[in-house]
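What follows is one structure encoded as structure tokens, with my remarks underneath.
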Amino acid sequence: MNSEIEKSYEAAKRLYASHGIDTDSVLEKLKNVKISMHCWQGDDVRGFLNRDQDLTGGISVTGNYPGAARTPAELRADLEKAFSLIPGKHKVNLHAIYADTEEKVELDKIEPKHYESWVEWAKEHGLGLDFNPTCFSHEKSSDGFTLSHPDPAIRQFWIDHCKASRKVGAYFGEQLGQTCVTNVWIPDGFKDVPSDRLAPRRRLKDALDEVFAEELDPRHHLDAVESKLFGLGSEAYVVGSHEFYMGYGLQKGKLICLDAGHFHPTEVISNKLSALSLFADGILLHVSRPMRWDSDHVVTLDDELLEIGKELVHGDLLGKTYIGLDFFDGSINRVAAWVIGTRNTIKSLLRAMLEPIEALRQAELAGDYTTRLALTEEFKSYPFGAVWDYYCATSGVPVREEWLAEVKGYERDVLLKRGG
């Protein structure tokens with residue numbers, strides 16, 4: 001290890017220790033945190049089952065940066081490269097359209113065998129897998145409705161797809177020894193004001209009841225439901241609103257997904273975590289960065305991400321929160337996007353672990369808000385970076401921006417040779 005990195009860490013370690021913070025213990029704790037890295041950043045949400053289908057459901061990826069993955073093998077190679085630059089052992093989040101099979105299979109007929117190569121790859125690399133039914137970019141979702149569709153036949157197609165997806169997720173968990181979270185998100189909604197808001201939600205509730213009817217072993221598989229405020233094409237009304245899914249998840253014992261981009265622009269999910277944690281069996285967190293709307297920009301170490309980290313760490317919520325990423329940007333190197341977003345998410349947790357939370361709590365309980373504010377501000381300039389550099393070095397991944405040179409080399413040697 002670079003002696004300067006070690007020397008800086010030892011100095012930081014002593015400084016944090018003066019406030020009762022054991023940096024060695026913090027890094028051991030951080031090693032156990034798994035981030036579920038989303039596969040769809042690597043190919044702009046195209047997938048492999050219906051690759052020629054236009055993106056629908058309010059999903060839009062802009063940019064034409066060269067090197068998007070065109071095959072499962074290319075996507076796995078890109079993921080491997082990204083993971084080699086990120087400290088810790090993590091998970092990969094798959095959508096149903098990322099099946100690796102020569103068989104022509106419809107979404108309602110998918111089986112674990114269509115994802116066997118992903119399982120074998122995950123075993124080889126010590127990774128977990130999460131899963132999502134793909135209720136968009138399909139001819140049967142072209143009018144913007146899936147599980148709440150008024151046509152019983154189309155609605156049944158999507159019910160069967162979600163049921164099949166749960167079985168795939170359960171297989172992942174059983175094979176890999178890591179619980180798979182299968183998350184249901186649908187784009188259903190109206191562009192303009194509907195005449196009947198209740199009927200679609202009643203259909204969605206009944207459809208979900210059928211989807212989740214089969215009990216699955218929670219050691220292998222957990223269900224999650226995800227809301228949205230609005231989307232392109234569903235600006236006026238979304239069937240699966242936050243209130244709908246919060247009620248459903250609490251009543252049915254499902255994980256409730258909070259996506260950083262799925263709320264009003266003035267809302268933040270960091271403020272929801274502690275409240276929801278008191279009632280929900282668990283939380284699925286989708287870390288994203290909305291800009292103007294749910295635009296899923298690459299995650300930066302901004303104020304909201306830091307607040308999310310604080311809530312998870314200081315509220316002791318890491319044990320019941322499953323953290324995943326959800327962004328897609330085709331205007332920059334896609335591997336770099338993964339690395340930036342994942343490293344930033346881990347950094348936010350580390351920053352929170354290096355704060356004197358007990359001293360802050362005691363000051364707050366005593367009404368000493370001066371001390372609370374002073375400590376909060378002074379710790380912003382504490383040598384967090386030295387601890388992060390040491391964590392990267394001891395994890396065998398590049399320190400600071402050194403990873404960028406590796407990504408640039410990978411782009412030159414691999415990505416630019418893929419063509420269009």
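Taken together, the values in this text are just the output of simple stated rules run on the coordinates, not laboratory data. Given the structure is predicted, the values throughout are model-derived calculations rather than measurements. Positions of Cβ are backbone-derived with ideal geometry, glycine not excepted, and every protein chain shown enters the neighbour counts.
Descriptive notes on the structure:
- Cα gyration tensor, the stretch 231-290 - rounded (a/c under 1.5), prolate or oblate: oblate
- GluC sites (Glu not before Pro) lying in DSSP loop within the stretch 384-420, provided at most 16 other Cβ fall within 10 Å: Glu401
- Projecting the Cα atoms of Gly309, Ala17, His220 onto the charge dipole of the chain, computed from C-beta unit charges around the Cα centre, puts Ala17 farthest toward the positive end.
- Among the chymotrypsin sites (Phe, Trp or Tyr not before Pro) in the stretch 277-369, those located in a DSSP loop and surrounded by at most 16 other Cβ atoms within 10 Å of their own Cβ are Phe279.
- The stretch 1-132: translational diffusion in µm²/s, Stokes-Einstein, Kirkwood Rh over Cα pairs, 4 °C, 1.567 mPa s: 73 µm²/s
- Rounded to 10°, Cα long-axis angle of helix 303-314 versus longest principal axis of the chain: 80 degrees
- Taking the C-alpha atoms only, the angle from helix 334-353 to the longest principal axis of the chain is near 50 degrees.
- Between Gly128, Gly324, Gly315, the GNM of the chain built on Cα springs shorter than 10 angstrom shows Gly315 fluctuating the most.
- When only Cα pairs below 8 angstrom with a gap of at least 6 residues are kept, the stretch 33-353 shows a relative contact order of 20 percent.
- Intensity falloff of the chain expressed as log10 I(q)/I(0), Debye formula with alpha-carbon point scatterers, at q = 0.09 Å⁻¹: -0.56
- Helix axis angle, 198-211 relative to the chain longest principal axis, alpha carbon, degrees: 80 degrees
- Here the stretch 269-381 is treated as an ellipsoid with the same Cα gyration tensor; its semi-axes, largest first and in whole Å, are 28, 17, 12.
- Under-5 Å amide H pairs with Ile35, H placed in peptide plane, nonlocal only: Lys91
- Counting only DSSP beta bridges whose two residues both lie in the stretch 209-353, roughly 20 percent are antiparallel.
- Rounded to 5, the percent of DSSP beta bridges in the chain classed as antiparallel: 15 percent
- MRE, 222 nm, helices only [DSSP H, n ≥ 4, -39500 (n - 2.57), over the chain, to nearest 500]: -13500 deg cm²/dmol
- Rounded, prolate or oblate (a/c below 1.5 giving rounded, otherwise prolate when a/b exceeds b/c) for the stretch 184-300 by Cα gyration tensor: oblate
- Residue of Thr62, Thr300, Thr342 that the Gaussian network model of the chain assigns the largest fluctuation, springs spanning Cα pairs under 10 Å: Thr62
- Backbone phi angles across the stretch 261-276, fed through the Karplus curve with coefficients 6.51, -1.76 and 1.60 (θ = phi - 60°), yield HN-Hα couplings of x, 9, 10, 4, x, 8, 8, 10, 7, 4, 7, 9, 4, 5, 5, 5 Hz in residue order; Gly and Pro are listed as x.
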